[in-house]
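Everything on this sheet refers to the single structure shown next.
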Amino acid sequence: MGKSYNIAVIPGDGTGPEVVDEGLKVLERAALKHGFSFQFKHYPLGGEHYMKTGEILPENVIDELRTQDGIFLGAIGHPDVKPGILEKGLLLQLRFELDQYINLRPVKLYEGVGTPLKDKGPADIDFVVIRENSEGLYAGAGGILKRGTPDEVAVQESINTRKGVERCIRFAFEYCRKRNQKKKVTLCGKTNVLTYAFDLWERAFYEVAKEYPDIETDYAHVDATCMWMVKNPEWFDVIVTDNMFGDIITDLGAMIQGGMGIAAGGNLNPEGVSMFEPIGGSAPRYAGKQIINPLAAISSAQLLLEALGEEKAAADVEEAVKKVLKDDLKDVAAGKMGYTTAEVGSLVADYIKTG
Ligand code: IPM
Ligand code: MN
C-alpha cells in the first residue's frame, strides 16, 4: 500500500465545481498509476452556501483544514454577493489563516497554444512568478474616516515585514535553483516611488542573493516588468514581487501563456498546508454549461502533486496536458475547445496510462 493523502476540496462558485471534478479525475488516475491514494473531503463553501446560511468560513472548518495534506479549490466569487465579501472572507482568509505566504504562478506557453505575442513561442515564454501572498496591500491595514462627507479620508497601507519579505525572496532563490533553467531571479518592484517598502525589499533581495552565488540577480520596476513580459518574456526565469504587483502581472502572464483557461496557481505554506487553484475566476456566465476549460485546474492539481513530493505523477500530468493541447484541443477558450469540460478531463486522464 502506498501513501494516502487527505485533501480538502472546495469546489466553490460558478465553474469551480466543473473544473474541480476534472482535476480530481486526473489526480485519481495519477495516484492509481503511481501507487498512492487520496481521501477527498468536500466543503460546500462559497456564494451559494453564504446566501443560504450566512456562513463564510467557520472556525471549525479552518481547524479541519489545518490537518489536511493539501487543499484543492475551484473558484470563489458570486454575482449576487457584493464583491469583497467572499474574496476577503474566504479566499484571502484561507491564505492568511494558513499562512500560505507564497503564491506560485508558472507562466508557460505550451506547444499548440496561441499567444497574443507576435513572434514568440514556447521557447520564449517559460518563467515563474513568486508572489508574496501574506502581506503588502492585502494585509487589510487602513481605514476610512468621515465616510461620505467632503472631508472623507481613505487610507490603505502596504505592510512589509522583514520576515515576510525575506522568506518570500529566499523561496524564490531556492525555487530558481531547483528549477535549474536560466538561474536568474528578477525582483519586480517600484524602488523609485515606493521608497520605503521597496527599500526593504531591495536590501533583503541583495542580502539573500549572497547566499546564492550560482544565481544571477536582476531588478525591474513593475511597469517595466509589464513591458518586458510583452516585449522580451524570454529574459525571465523567476520573478519575485509583492502581493499587489504579483496579482497584476500574473493576469498579464496568464494572457501571454494562452489565457485564464490554462493558468494554474498554488498558495504555498512550505511548512504547512498549501492550497491549489486555477487563477481565473468563477466565470458565472459559463457555469454549468460544460464549456469551461479545466486545464488550469488540472495544472493546479499538478502543482499539488509536486508539493506532495509526487514528482513523477506531476510530470505525467504535465505530459498529458501538453499532449491534449498539442493534439486534441481546437482552442483553449471556453466553448471553443471542440470538447466538453469533462471530455477534456478524460483525455488528460487517459493519456496518463496505468500499469
Ligand atoms: C487572484 C485573485 C484574488 C487576488 C482576488 C479574487 C481576491 O485576483 O487570486 O489573483 O487578488 O489575489
Ligand atoms: Mn488576481
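The values are calculated or read from the model by the stated rules, or taken from the named source; none is laboratory data. Keep in mind the model is a prediction, meaning the values are calculated, not measured. Neighbour counts are summed over all protein chains in view; Cβ atoms, including those assigned to glycine, are modelled from backbone coordinates with ideal geometry. Side chains are part of the model used for accessible areas, which takes the heavy atoms of the whole protein and leaves out ligands, DNA and RNA. Shrake-Rupley method; radii C 1.70, N 1.55, O 1.52, S 1.80 Å.
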If you look at just the Cα atoms of the range 9-97, how large are its Rg and its Dmax in Å?
-> 13.9, 44
PRE zone check, label point 7 Å out along Cα-to-Cβ of E48, amide N under 14 Å, scope the range 265-292, hits 284, 287-290
Straight-line reach check, K336, cutoff 14 Å on alpha carbons, 8 or more apart in-chain or any other chain, hits among aspartates and glutamates -> D328
As computed over the chain, the Cα convex hull volume per residue (Å³) | 152 Å³
Which of A320, A141, A301 moves most in a GNM of the chain, Cα contacts under 10 Å?
-> A141
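Determine the relative contact order of the range 1-159: mean sequence separation of Cα pairs under 8 Å and six or more apart, normalised by residue count, in whole percent. Write down the numbers at each step before the final one.
Values: 225 pairs, mean separation 32.0, N = 159.
For the range 1-159, the relative contact order is 20 percent.
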Low-density loop trypsin sites (Lys or Arg not before Pro), the range 182-271, at most 15 other Cβ within 10 Å, DSSP non-H/G/I/E/B, are K183, K210
When N is the residue count of the range 282-355, what does its C-alpha Rg come to as a fraction of 2.2 N^0.38 Å?
-> 1.12
Residue-normalised accessible area of the range 86-158, expressed per residue, 1.4 Å probe, Å² | 48 Å²
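When Lys and Arg each count +1 and Asp and Glu each count -1, what net charge do the other residues less than 14 Å away from M51, Cβ to Cβ, add up to?
The answer is -2.
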Under a cut-off of 16 Å between alpha-carbon atoms, report the lysines in cross-link reach of K52, not counting same-chain residues fewer than 8 places apart.
-> K82
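Out of all DSSP beta bridges with both ends in the chain, state the antiparallel percent to the nearest 5.
Numbers: 20 of 47 bridges.
Counting only bridges with both partners in the chain, antiparallel ones make up about 45 percent.
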Cα→Cβ-extended label distance, 7 Å offset, between I85 and R203, nm = 4.3 nm
For K231 paired with T217, estimate the spin-label separation in nm (one decimal), with each label point 7 Å from Cα along the Cα-to-Cβ line.
-> 2.4 nm
Specify the residue with the greatest mean-square fluctuation among T67, T217, T149, computed from a Gaussian network of the chain linking alpha-carbon atoms under 10 Å apart.
-> T149
What distance in nm separates the simple spin-label points at R162 and D331, each placed 7 Å from Cα in the Cβ direction?
-> 5.4 nm
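Taking the Cα centre of the range 210-355 as origin and charging only Cβ (+1 Lys, Arg; -1 Asp, Glu), how large is the dipole, in debye to the nearest 20?
On the way: 11 positive and 23 negative charges, 167 e Å.
Charge dipole of the range 210-355: 800 debye, to the nearest 20.
Is there a quick way to get the dipole size of the chain? I mean about its Cα centre, with the Cβ of Lys and Arg at +1 and of Asp and Glu at -1; what is the value in debye to the nearest 20? Walk me through the numbers before you get to the answer.
On the way: 40 positive and 52 negative charges, 84 e Å.
Computed about the Cα centre, the dipole is about 400 debye.
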